[in-house]
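Nothing in this text is a laboratory measurement; each read-out follows from the coordinates by a stated rule. What you see is a predicted model, and the numbers here were worked out from it, not measured in a lab. Every residue, glycine among them, receives a Cβ derived from its backbone with ideal geometry; neighbour counts consider all protein chains shown.
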Amino acid sequence: MRSALGNIFETAGNYGAKASGLLFERTGMLMAWQWLLLGLVPILIVLLYFLKLKRQPLEVPSTYLWHKSIEDLRVNSVWQRLRRSLLLYLQLLFIGLVAWTLLRPTIQGKRLIGNRFIFLVDNSASMGATDVEPTRLDEAKKRVGELIDEMRTGDVAMLVSFSDGAKVEQSFSEEPRELHRRLEAIQQTDRSTSLAEALRVASGLANPGRSSNREDAGDVQVAEAEPARLYIFSDGKFPKVKDFSFGHLEPVYVIIGEQDAANVAIAAFTTARGEDNLDHLQAFARLDNHGGEKVSVNAELSLDGELIDAKRIEIEPGDSTGVEYNPESVETGVLKLSIDANDALAIDNAAWTTINARRRGKVLLVKQDDDEYLERALGTDRVRELADVTIRTADFLSKPDYRKQADGGGYDVVIYDRCRPEQMPQANTLFIGQLPLGGDWKADAKVDVPQIIDVDHAHPLMHIVAMGDVLIVEGTPLFPPSGGTTLIDTQAGAMFAIAPREGYEDAVLGFTIVDPAGKVGVGTNWPTKASFPVFVLNVIEYLGGARSSLDSGSVRPGQPVAWRSDTPAERIQVKPPQGAPFDVARGPLNTFNVTSTADVGVYEVRAGEQGLGSFAVNLFDSNESDVRPALELGVGDYKVVGSTHREPARRDLWKIVLLAALAVLLVEWYIYNRRVYV
Amino acid sequence: MTPTSELLSPELLAQLERLELVSRKIFRGRMKGERRSKRKGQSVEFADFRNYVHGDDLRFIDWNSYARLDKLFLKLFLEEEDLHFYALIDASASMDFGDPTKLAYAKQLAASLAFIGLVRSDRVKIETVGQPARQSGPMWRGRRSLWQMLDHLEHIAPGEPAPLAEGVKNFCLRNSGKGIVVLISDLMDKHGYQDALRYLMARQMDVYVIQVLSQEEIEPDVKGDLRLIDCEDEDMAEITVSAPLLKRYKQNLAAFVEGAREFCNRRGMSYILAKNQLPVDQLVSNYLRQRGLVR
């Protein structure tokens, strides 16, 4: 039962708490008798002190000299008295501090609301920004730690880290020590950010009912959904999360990062061979200025560690600038572009691209007897430089030689002109006037003279392929499977599209080049145009692997890399930019799938002693590079407004107070024993 | 036979045997001793002649001179005489402190000096301050008395209540003779040591004051809140040990020692400060030799 006195104390405490900015709140409210007991302690000490501290008797030969000494010292008796009481004051101070410790003193007395918490900690690349000392991730961890300290007995908390995926570091636990340990274990990654998975993980664990099927009568709810508070510690640099409802979760978005954080990033870095001269190499880069002020940076290009070019670049705030380098003849090597920007995020201040030894593509053309245009287009010098072309007629498809080569990855690209194999080859394909096997591709009925209305010139296959003057006599509108891209669009539908297939790509042309059965004998006037050999060259370069061998393209951190190689070895060794090399076994599709690409930098690939080349992993993510934190999160239809200020956290002071008490005790002991005064 | 005792080790004895007590004053001994006196007397050592006067002992007339000069001359010889040596030990309760206790130290010192005296056939007497006024202690002479002397010393127990001044006064009343007196005390008497020393001075004795202090008195190793109890009069002093207090105590002690030294020097007495940590043989052979008590 609470007594009136206890209530008075509590009321007084509450008034005090409201009045003061720096709040000292007591959580363990004491009962009246406890207060009385506590109040008696100092009184007892004073009484004991004055009722005579026990002096130890000591027999001495003579007190003669001692008496004399005491009398001499008594001259300044005020100081003497004060000094004599010094120990009393120290003891009172000590008891006061200990009593305060027992009251569990805190700063800022807002309690955590609720008793179930989910802490989502962003550890994506942008959390490595140093606008908050030492890094944003450390700041986030610190704040989570403060909240964990906050938990009372019976509170449970879950810890989830997320970048492009989510990882449950610790499922619901009420062990603060375990939570702290797991929190400390969260590591910075170079990956991009996606909140969706983290939200689903949190929601699935927090609201178990949601993960079960309510429609199913046989499905038993494993646990009752319980409300939980969801703390998101992030800079909010990720796409809006669609199709998610918080349900019982109560989100709190804690913004980590400074609004005025500035960053200059290399947003893209790639190389290309000159159109006129294949030996001529060009390097292109795009620099973004994610800041409020105009910046000027030195962009240095180095090849295998040796500086080969440098440029001074000025970028307006919020703008981006392209940089072009002409390193001329570079056969192989690693190009590194680095900028000397002193900004918040260091990871995007360097980018790499690798130039591997050019590999001749292996091309098989399965043609009809009447075709000559394709054969002629494949006979140019450029194509011969890039690839070995084998030309066979359709009956070759039924021969065991073809089966062996096609299944064994013997070709890089197979062009099927108005024919199709019995089984899809282990290679990229270009189908002309025919759909690939499998039924994923669909086609409409033939239409006459489809008018080209759009060409995707951004795609390497249609790069500088002018289709303005190309006429098509007859075409089949195509419906590529999911993941496919339309490259030539007509008013009737797609006439040329490309879609991935188990690590390969199938391109399908909806019209034929030659059509002797048709009304005019040819399917299109394209072969008479200059764009046709360019298109064929693109096919050889892109699908035939010639381009990919030049530039492995940009791989984002965490993205898998399918490494193709002629090597007969069953295992390759990959040496990441940090850490120990690891082995990768040959995959089912004749590729080596490298999945450990978490760090940005250059990954060297070897097969035993033989170097196979290298590939680069770059951030190239303007979301991550733009380090200015988002003020709100869009989740479904819900907007979570962030708070920059510290989530009210009750910080325990008792440790500090106890330390102070111990210090007082030490001083008292020292004075008692050594009798040294100021 | 080499006597051994806790007070006198064989090594110490051997060292002491070579020494003798010296007095700066001339005293008349009662018995012939081994000490040359300024008095002329009977001995084998010739000193001087003088004219015969009526009543002189005819045995000392130099008949050879009479035959040659026809005048009566008396041959004078140096008289060898003994010396009175008194050791006065303060056996008050305050002397029972320290390691070794000040009393033990005082006894050993007294034994050493007394032994020197015994060897040189001086008359040796050891008394304590607290001895009753009329009870005179035994007097020893000659090496034979060593055991008796040591036995007497052994029986001196601490805790005699008499004040220093009264004890010295009694000593002076008992022992009228002249000689060397060595007072061994800590001088820690609430009534002061001055009166006591004045009594000794009045006896025209060759006075040596040896103040014995223990290490605990010189460098007190105390801490905390203490109630100091005087072992003699149960007087109490409550102290809270502090650096200034200890400093003041040491200043007072130094002033006390210096006061005693000056008091003695002004009155022709020899003052020697003995710390109980200093071995007795060193004290005797170095310090006391320097001060001329022994040679």
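Summary of computed values
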| item | result |
| --- | --- |
| Members of B:K102/B:K169; A:K336/A:K529; A:K311/A:K362 lying beyond 28 Å, as alpha-carbon distances in this model show | A:K336/A:K529; A:K311/A:K362 |
| Additional length obtainable on full extension of the chain from A:W654 to A:S85, 0.36 nm per residue less Cα span | 202.1 nm |
| Length-normalised contact order of region A:361-544 in % [C-alpha pairs under 8 Å, at least 6 apart] | 22 percent |
| Average beta-carbon neighbours from other chains, 10 Å sphere, peptide B:210-220 | 1 |
| Computed lengthening from B:D99 to B:L173, 0.36 nm per intervening residue step minus Cα-Cα distance | 23.3 nm |
| B:D57-A:L665 pseudo-label distance in nm [points 7 Å out on the Cα-to-Cβ vector] | 9.0 nm |
| Neighbour cut-off at most 15 other Cβ (10 Å), DSSP loop, GluC sites (Glu not before Pro), region A:233-302 | A:E275, A:E293 |
| Cross-link table B:K75/B:K178; B:K223/B:K250; A:K237/A:K639; A:K367/A:K399; B:K223/B:K247, entries beyond 21 Å C-alpha to C-alpha | B:K75/B:K178 |
| Note, ³J(HN,Hα) from phi for region A:488-502, Karplus 6.51, -1.76, 1.60, rounded to Hz, x at Gly and Pro | 10, 10, 10, 5, 8, x, 5, 9, 9, 8, 9, 8, x, 8, 6 |
| Distance (nanometres) between label positions extended 7 Å along Cα→Cβ at B:A255 and A:A346 | 7.1 nm |
| Rg/Rh ratio calculated on Cα atoms of region A:468-518 (Kirkwood radius) | 1.02 |
| Cβ-Cβ FRET estimate between A:T595 and A:L58, R0 fixed at 60 Å, reported to 0.05 | 0.15 |
| Sites A:Q423 and A:L471, calculated FRET efficiency, Cβ-Cβ separation with R0 35 Å, nearest 0.05 | 0.50 |
| Ratio Rg/Rh, restricted to region B:155-209 and using Cα atoms, in which Rh is the Kirkwood radius | 0.95 |
| Efficiency of FRET between B:K190 and A:W35 - r from beta-carbon atoms, R0 51 angstrom, step 0.05 | 0.40 |
| Projected area averaged over orientations for region A:575-622, convex hull of C-alpha atoms, nm² | 4.0 nm² |
| 16 Å Cα-Cα reach of B:K107 towards aspartates and glutamates, excluding residues that sit fewer than 8 places from it in its own chain | B:E6, B:D90, B:D96, B:D99, B:E127, B:D151, B:E154, B:E160, B:D186, B:D281 |
| Amide H contacts of A:K639 (H built 1.01 Å from N, under 5 Å, at least 5 apart or other chain) | none |
| Built amide H within the under 5 Å cut-off of A:R501, gap 5+ | A:D506 |
| In sequence order, calculated HN-Hα J values of region B:210-217 (Karplus, 6.51, -1.76, 1.60; Hz; x Gly/Pro) | 10, 8, 9, 10, 8, 4, 5, 7 |
| Rounded tilt (10° steps) of B:102-119 against the dominant C-alpha axis of chain B | 10 degrees |
| Overall dimensions of chain B as given by Cα atoms, namely Rg and Dmax in Å | 23.0, 90 |
| Sequence-distant residues sharing a close amide H with A:L509 (under 5 Å, placed H) | A:F431, A:I432, A:G433, A:Q434 |
| Table column - 3J(HN,Hα) (Hz), region B:225-234, Karplus curve with 6.51, -1.76, 1.60, x for Gly and Pro | 8, 10, 10, 7, 10, 6, 6, 8, 10, 6 |
| Ranked by how many other beta carbons lie within 10 Å on average, peptides B:135-145, A:476-486, B:102-112 from highest | B:102-112, A:476-486, B:135-145 |
| Extension gain (nm, one decimal) between A:Q559 and A:R360, 0.36 nm per residue minus Cα-Cα | 69.0 nm |
| Net charge contributed by nearby residues that have their C-beta within less than 10 Å of A:N428 (K/R +1, D/E -1) | -2 |
| Distance (nanometres) between label positions extended 7 Å along Cα→Cβ at A:D369 and A:T332 | 4.6 nm |
| Equivalent ellipsoid semi-axes - Cα gyration tensor, region A:372-520, angstrom | 24, 18, 16 |
| Loop trypsin sites (Lys or Arg not before Pro), region A:98-199, which have at most 15 other Cβ atoms in a 10 Å radius of their Cβ (DSSP) | A:K110, A:R111, A:R152 |
| Along principal axes, Cα extents of region A:270-355, largest first, whole Å | 41, 25, 16 |
